[in-house]
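Data block below; observations after.
The values are calculated or read from the model by the stated rules, or taken from the named source; none is laboratory data. Treat the numbers as computed from the prediction; the structure is a model and nothing was measured. Here the Cβ is made from the backbone with ideal geometry for all residues, glycine too, and neighbour counts use every protein chain on show. All accessible areas refer to the heavy atoms of the entire protein, side chains included, with ligands and DNA or RNA removed. Shrake-Rupley method; radii C 1.70, N 1.55, O 1.52, S 1.80 Å.
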Amino acid sequence: MKSPLAGTNKDILFPYIKDHLEEYLSAHWEEDECKQDVHLLKKQVEEDLRLHRACAQHSLDQSGHTDEEKAIREVVDNVLWQMASDRKSTALKQLQGHMWRAAYAAGRIKGEVYQDVVPSIRRWRRQGLKVYIYSSGSVEAQKLLFGYSVEGDVLDLFDGHFDTNMGTKVESKSYVRIAERMGCPPEEIMFLTDVTREAKAAEDAGVNVAVVVRSGNMELTEEERSHYNLITTFSQLEVTGSA
C-alpha cells in the first residue's frame, strides 16, 4: 500500500505570511520573481471576474504609474482576502512559497511537524511502503517545510510530491490522476486528511481514507465520526503492503 499523507505539520506558516507579507513585498517589489507573482495574482482577479466568481473588491496594478505603497497595499489586501476565504489559487500558493523559501533560508522559520509523524513514516518505510504528499501547498512549499523541519532535512522519507496541479483536493478526479501517476490502483492507496470533503473525494475515487483528528481542527459531525476511520496520531495507523 502507498500512502499520500496530510495532517503532518502545525500551523506556523500561514500566520507568518499574514505577519510579514507587506514587509516582504516592500523588500522584493522590484525583483522579477515578485513582479511575476503579482502579475499572476492580477490574472487570477481577471479570471474570477470573467467567471463571475467572488474575488477581492479591487484590481491589482503594478505599473510604473501606480504609487508603490498603494500598489503593495492592494496586493496585501488581495492575499489576505484569499487566505481568509480559504482560496487555493496557484497565484496565492506561488507567492506564499516564495515567502517561505526566503524565511527558511534565513532561519526565520522551521517546518513544525507533529512528534508522531517522522517515526511513523520511518516505520512505514521499513515495512516497504512508499509515502507521498498531496497538498494544496505547492510542491516547492512542501519540500521547504520538510527540508527545513525541526527534525532536520527529512525529504528522503518521501517518494514524491503532488499539489493542485493534479486538481483540487475536493475533486475525485485528482485522486484518480495521482493513482495513475503513482502507477498503482486507487484501492492500494491510503490517504490521510483532516478535511472530510477531501476524504469523500478520495473515497469516491476508490482510495482508502483515514481522517486525522488534531487539536484545533474543524469539529466532525456524528455522521462523519461514524463513517470514517479516525486517528489522532500517525502511530495509530497500521498499514501493510509492499512498494
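What to note about this one:
- For the chain, the calculated P(r) over all alpha carbon pairs, in 5 Å bins from 0 to the bin holding the longest distance, is 1, 6, 13, 16, 17, 16, 12, 9, 6, 3, 1, 0, 0 percent.
- Spacing of the modelled spin labels on Thr221 and Val239, each 7 Å from Cα toward Cβ, amounts to 2.7 nm.
- Taking the protein heavy atoms of the chain in the context of the full set of protein chains, the accessible area attributed to carbon and sulfur is 47 percent at 1.4 Å.
- Length available on full extension from Asp156 to Ser172: 0.36 nm per residue minus the Cα-Cα distance, which gives 2.9 nm.
- Axis of helix 13-28 versus longest Cα principal axis of the chain: the two differ by about 30°, to the nearest ten degrees.
- Rounded to the nearest 20, the Cβ-based charge dipole of the chain about its Cα centre (Lys and Arg +1, Asp and Glu -1) stands at 720 debye.
- Positive contributions from Lys and Arg (+1) and negative ones from Asp and Glu (-1), summed over other residues with Cβ under 10 Å from the Cβ of Ser136, come out at +1.
- Accessible area per residue, Å², the chain with all protein chains present, probe 1.4 Å: 51 Å²
- Cα gyration tensor shape of the stretch 114-243, rounded if a/c is under 1.5, else prolate or oblate by comparing a/b with b/c: rounded
- Listed pairs Lys18/Lys42; Lys110/Lys173; Lys35/Lys173; Lys42/Lys169; Lys18/Lys200; Lys88/Lys143 exceeding 27 Å between Cα atoms: Lys110/Lys173; Lys35/Lys173; Lys18/Lys200
- Taking every Cα-Cα distance in the stretch 110-164 and sorting them into 5 Å bins from zero, the calculated P(r) comes out as 4, 20, 29, 28, 15, 3 percent.
- The residues neighbouring Thr196, those whose beta-carbon lies less than 14 Å from its own, together hold a net charge of -3 under the Lys/Arg +1, Asp/Glu -1 convention.
- Remark on Gly160: its backbone amide H falls under 5 Å from those of Ile133, a criterion applied only to residues 5 or more positions apart or on other chains, H modelled at 1.01 Å from N.
- Approximate spin-label separation His20-Val76, in nm, with each point projected 7 Å along Cα-to-Cβ: 1.6 nm
- Among Pro119, Val79, Gly97 the positive-end extreme of the charge dipole of the stretch 65-134 (Cβ point charges): Pro119
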